[in-house]
Amino acid sequence: MKIAIIGQQDFGKAALHAFVARGDEVAAVFCAPDLLGARPDALHVAANEMGLRVLQFASLRRSEAADALRELDVDLAVMAYVLQFAPQTFLNIPKYGTIQYHPSLLPKHRGPSSISWPIAMGATETGLTIFRPTDGLDEGPVILQKKCVIGPDDTLGDVYFKHLFPSGVAALLEAADLVVSGKHQQTEQDETNASYEGWFREEEAKINWANPVDQVYNLIRSANPAPGAWCVLSGVKVRLYDCRKHVLRTFGAARGHPGEVSLLTANSIFINAQGGQIEVMRLKPDGGQKMNAADFARSHHLDAVV
């Protein structure tokens, strides 16, 4: 089939390579304009290396973008991690329309941080959706979905790179074949089950140690590797990464209050939360590099409560 790929970053790059590897013709790649001083976009770089036509528009709403897609005369447009808004008039141009990847089981977790939020909320399952994009945010009819388990210790990085990334690329190929062959089915999303969350950013990643230990641990997992759940220790803002949860089985077994360091070991520190403790093995002080938590404690004269 002849396609146009609209996307960015490593997921867009992986989708591009997957379609080319099986013999599909990529007529052009649509990428957002490069940001001054920013690292070159992975999809843009890959398309250039392959000698493909790269089209960059500040907005896909512009008539120039629609004219460019129309000129390509493609069978299908494939949206592989897109942050630019694409209007319906643009999406309908290809012969078989457009398909889009979203890393959640729509209509749940619409929005830009749809992998982090289920983990933060303690979900044990998530997945991906290939759907027909519309003018509504992640609201179009579903073509196919794939589920994946969120393990009790899985981080954002685990769920994305081990499951939703590779499965998402494969699902785009599968959905493209179904659509172009006319064998696909489209199911409208059930708005009664819809949810939306915004960006998972700095404020959302702030740890409240007064929360139950399960909730604190879920937050840490949902922000690892980015943006990194954070707190202040010994006057220094630190982001927590490699951690373990310890639930207290006996009332009053913990020493100190939520947020206080209750134990120092040779390789970790224990911080109190409601009903348990978080053992921190690796952290990153503001302006520094990731390091052993015990080394941080020693260098900042961090003591455990007595």
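The values are calculated or read from the model by the stated rules, or taken from the named source; none is laboratory data. Since the model is a prediction, treat every value here as computed from it, not as a measurement. Don't worry about glycine lacking a Cβ; one is built from the backbone with ideal geometry, like all the others, and counts go over all protein chains shown. The protein model used for the area step is the full one, side chains on, heavy atoms only, and it has no ligands, DNA or RNA in it. Shrake-Rupley method; radii C 1.70, N 1.55, O 1.52, S 1.80 Å.
Remarks
- Per-residue ³J(HN,Hα) for the stretch 153-159, Karplus 6.51 cos²θ - 1.76 cosθ + 1.60, θ = phi - 60°, Hz, x for Gly and Pro: 10, 5, 9, 3, x, 4, 5
- Most positive-pole-ward Cα, 223, 9, 82, against dipole of the chain from beta carbon charges: 223
- Accessible surface, the stretch 132-270, averaged per residue in Å² (probe 1.4 Å): 52 Å²
- Selection from 113, 164, 180 lying farthest towards where the dipole of the stretch 90-181 points positive, charges on Cβ: 180
- Placed amide H near residue 54: partners under 5 Å, 5+ positions off or other chain: 29
- Simple point charges give the picture: +1 on the Cβ of Lys and Arg, -1 on the Cβ of Asp and Glu, and for the chain a dipole about the Cα centre of about 640 debye.
- Gyration tensor (alpha-carbon) shape descriptor, the chain, a/c threshold 1.5: prolate
- Only protein heavy atoms count here; under a 1.4 Å probe, residue 231 has an accessible surface of about 10 Å².
- Projecting the Cα atoms of 243, 261, 287 onto the charge dipole of the stretch 238-306 (Cβ charges, centred on the Cα centre) puts 243 farthest toward the positive pole.
- In a reduced charge model with +1 at each Lys and Arg Cβ and -1 at each Asp and Glu Cβ, the stretch 181-274 shows a dipole moment near 560 debye about its Cα centre.
- With K and R counted +1 and D and E -1, the other residues having a Cβ less than 14 Å from that of residue 31 yield a net charge of -1.
- Residues of type lysines that residue 2 reaches as a straight line, Cα spacing below 20 Å, ignoring anything fewer than 8 places off in the same chain: 13, 95, 183
- Spin-label pair residue 17-residue 161: with each label point 7 Å from Cα along the Cα-Cβ axis, the two points sit 1.4 nm from one another.
- When 126, 192 are compared by accessible area at a 1.4 angstrom probe, the order from most to least is 192, 126.
- Here's how it looks for residue 6: its modeled amide H is under 5 Å from those of 30, 78, 79, 80, which are all 5 or more places away or on a different chain.
- Gyration tensor verdict on the stretch 262-306 (Cα atoms; rounded if a/c is under 1.5, prolate if a/b is larger than b/c, oblate otherwise): prolate
- Treating r as the C-beta distance of residue 170 and residue 95 and R0 as 35 Å, the FRET efficiency rounds to 0.90.
- Note on the stretch 105-161: with charges restricted to the Cβ of Lys and Arg (+1) and Asp and Glu (-1), its dipole about the Cα centre is near 200 debye.
- Look at where the Cα atoms of the stretch 1-59 and of the stretch 150-223 average out, and the two centres are 23 Å apart.
- Shape category assigned to the stretch 160-210 from the gyration tensor of Cα positions, a/c cut at 1.5: oblate
- Each residue of the stretch 184-193 is assigned a 3J(HN,Hα), and the resulting list reads 7, 10, 10, 10, 5, 6, 7, 5, 6, 9 Hz, derived from the Karplus form 6.51 cos²θ - 1.76 cosθ + 1.60 (θ = phi - 60°), x at Gly and Pro.
- Its Cα gyration tensor gives the stretch 109-201 an equivalent ellipsoid. The semi-axes, each the square root of 5 times an eigenvalue, are 24, 17, 11 Å from largest down.
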